[in-house]
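A.B. asks: Here it is: the structure, laid out below.
Bear in mind that the values in this text are calculations on the coordinates, not laboratory data. Bear in mind the structure is a predicted one, so any value in this text is a computation, not a measurement. Note that we place each Cβ from the backbone using ideal geometry, even for glycine, and neighbour counts take in every protein chain shown.
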Amino acid sequence: MTSIKEKLMRSATMGLGGVQDIGGGRFVFDDMDSLLRAKECIATTTFPDFSLDHELYDYITRPKDSGYRSIHFVYKYTKPGSDLDGMRVELQIRTKLQHDWATAVETAELISRSSLKASQGDQAWLDFFKLVSAIFALSEHQPVNASFKDMTEEQYCVRFYEMNNKDKFVEKLRALVGAVSLTEQQSFSGGYVLLVINYDEKKVGIRHFKQDENENANEQYAQIEKNIDRTKAAVVLVAVSDVKELREAYPSYFLNSEEFITALADFQQTCQLKGYIKN
């Protein structure tokens with residue numbers, strides 16, 4: 001629902017009938033070979049009452065500027081006399097690595113408090129995900145965004161190291177995943193969670209605020225943010241309702257997030273072994 005509302009707000013004249021993914025499904029495959037076989041199978045299959053409403057959206061061959069990679073089939077349902085006649089549905093297929101990237105973008109929106117998925121908000125986060133998308137694309141032997149196509153492996157390593165060393169993107173994601181797990185174990189039913197992430201000590205301080213303590217939560221967030229050393233710590237304020245929506249959108253949220261972080265850790269280790277970056 002959140003995604004649908006955002007799309008309607010970005011295009012006030014579109015209306016619900018113009019939202020092509022208001023209904024649909026997604027298949028996630030282990031690797032590109034499996035995905036490409038599925039793509040061929042789906043493209044050559046016809047479905048009763050459904051017809052392709054648009055040429056294939058291949059965001060793997062041509063990644064979006066944001067770094068988003070997936071393949072979309074958009075179908076139109078035809079059933080004269082039915083209330084659903086003319087409804088569009090979207091079928092997405094992507095690899096686990098592409099899915100982990102998309103999940104991480106949604107997760108980072110909780111931290112940046114902006115719509116990264118729509119290429120809006122914190123530019124540092126947007127640039128980070130563009131770079132990671134290209135790194136993942138290379139590992140799958142697929143095209144990268146045009147702005148990265150001339151970069152060497154060493155340049156990818158150095159840029160990733162510099163960006164993450166400066167803004168601690170991976171550390172923030174790891175801390176958020178762990179904190180969300182803890183808040184769910186403690187059964188917080190609503191309100192807000194304030195996280196103070198200490199990079200040096202690798203610790204996360206957590207405080208829960210009830211729904212009616214919104215003003216107090218924001219005041220404490222602002223006070224801590226004003227006084228912390230951003231090279232050593234970060235503060236994040238998350239609404240529990242936003243976390244629940246994320247879990248509903250991505251049932252395997254924790255697994256996806258952990259796989260994303262692990263993939264980047266493996267990449268960084270490779271960079272270190274090749275001497276491109278320091279330990």
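A.B. asks: For the range 191-210 and the range 94-134, write down the distance between their C-alpha centroids in whole Å.
C.D. replies: So the separation of the two Cα centres works out to 22 Å.
A.B. asks: If R0 is 45 Å, what FRET efficiency do you get for Gln186 and Arg37 from their C-beta distance, rounded to 0.05?
C.D. replies: After rounding, the FRET efficiency stands at 0.55.
A.B. asks: Checking the a/c ratio against 1.5 first, then a/b against b/c, what shape does the Cα gyration tensor give for the range 1-158?
C.D. replies: Verdict is oblate for the range 1-158.
A.B. asks: State to the nearest 20 debye the size of the charge dipole of the range 86-206 about its Cα centre, where the only charges are +1 on K and R beta carbons and -1 on D and E beta carbons.
C.D. replies: Roughly 240 debye, rounded to the nearest 20.
A.B. asks: Right, next: Please list the non-local residues whose amide H lies under 5 Å from the amide H of Gly24, H modeled 1.01 Å from N, same-chain partners needing a gap of 5 or more.
C.D. replies: Close amide H contacts, sequence-distant or interchain: Glu90.
A.B. asks: Give me the one-decimal nm value for the distance between modelled label points at Lys76 and Gln120, 7 Å along each residue's Cα-to-Cβ direction.
C.D. replies: 2.9
A.B. asks: Report, to two decimal places, the Cα Rg of the chain normalised by 2.2 N^0.38 Å (N = number of residues).
C.D. replies: 1.10
A.B. asks: Now, a different point. Sort Ser147, Ser133, Ser34 so that the residue with the fewest other Cβ atoms within 10 Å of its own Cβ comes first and the one with the most comes last.
C.D. replies: Exposure proxy ranking, most exposed first: Ser147, Ser34, Ser133.
A.B. asks: Hey, what angle do you get for helix 123-139 against the long axis of the chain, alpha-carbon based, 0 to 90 degrees rounded to 10?
C.D. replies: Approximately 60 degrees, to the nearest ten.
A.B. asks: Using only alpha carbon pairs under 8 Å that are at least six residues apart, calculate the relative contact order of the chain and give it in whole percent.
C.D. replies: 16
A.B. asks: By counting other Cβ atoms within 10 Å of each Cβ, how are Lys149, Lys79 ranked from fewest to most?
C.D. replies: Lowest to highest Cβ neighbour count: Lys149, Lys79.
A.B. asks: Taking the chain as a Gaussian network, where each spring joins two C-alpha atoms under 10 Å apart, which residue of Asp85, Asp100, Asp127 fluctuates the most?
C.D. replies: Asp85
A.B. asks: List the trypsin sites (Lys or Arg not before Pro) in the range 33-70 that DSSP assigns to loop (not H, G, I, E or B) and whose Cβ has at most 13 other Cβ atoms within 10 Å. Which are they?
C.D. replies: Nothing satisfies the criteria.
A.B. asks: A further question follows. With charges set only on the Cβ (+1 for Lys and Arg, -1 for Asp and Glu), what does the dipole of the chain come to about its Cα centre, in debye to the nearest 20?
C.D. replies: The dipole of the chain has a size of about 300 debye.
A.B. asks: Percent of Cα-Cα pairs per 10 Å bin, from 0 to the last occupied bin, for the range 2-95, please list those.
C.D. replies: 15, 42, 33, 10, 0
A.B. asks: So which residue, out of Glu55, Glu106, Glu259, gets the largest mean-square fluctuation from a GNM of the chain using Cα contacts under 10 Å as springs?
C.D. replies: Glu55
A.B. asks: Do the alpha carbons of any pairs in Lys5/Lys149; Lys149/Lys203; Lys168/Lys274; Lys64/Lys202; Lys96/Lys278 sit beyond 32 Å of each other, and which pairs?
C.D. replies: Lys5/Lys149; Lys149/Lys203; Lys64/Lys202
A.B. asks: So if I place +1 on the C-beta of Lys and Arg and -1 on the C-beta of Asp and Glu, and nothing else carries charge, what would the dipole magnitude of the range 2-95 be about its Cα centre? I want it in debye, nearest 20.
C.D. replies: 260
A.B. asks: Please label the shape of the range 177-218 as rounded, prolate or oblate, based on the square roots a ≥ b ≥ c of the eigenvalues of the alpha-carbon gyration tensor (a/c under 1.5 means rounded; beyond that, a/b larger than b/c means prolate, else oblate).
C.D. replies: oblate
A.B. asks: Another question, then. Could you line up Thr270, Thr262, Thr95 from fewest to most neighbouring Cβ atoms inside 10 Å?
C.D. replies: Ascending Cβ contact count within 10 Å gives the list Thr262, Thr270, Thr95.
A.B. asks: Another question, if that's okay. Taking Cα atoms, how many degrees apart are the long axis of helix 153-167 and the longest axis of the chain, rounded to 10 and kept between 0 and 90?
C.D. replies: 60
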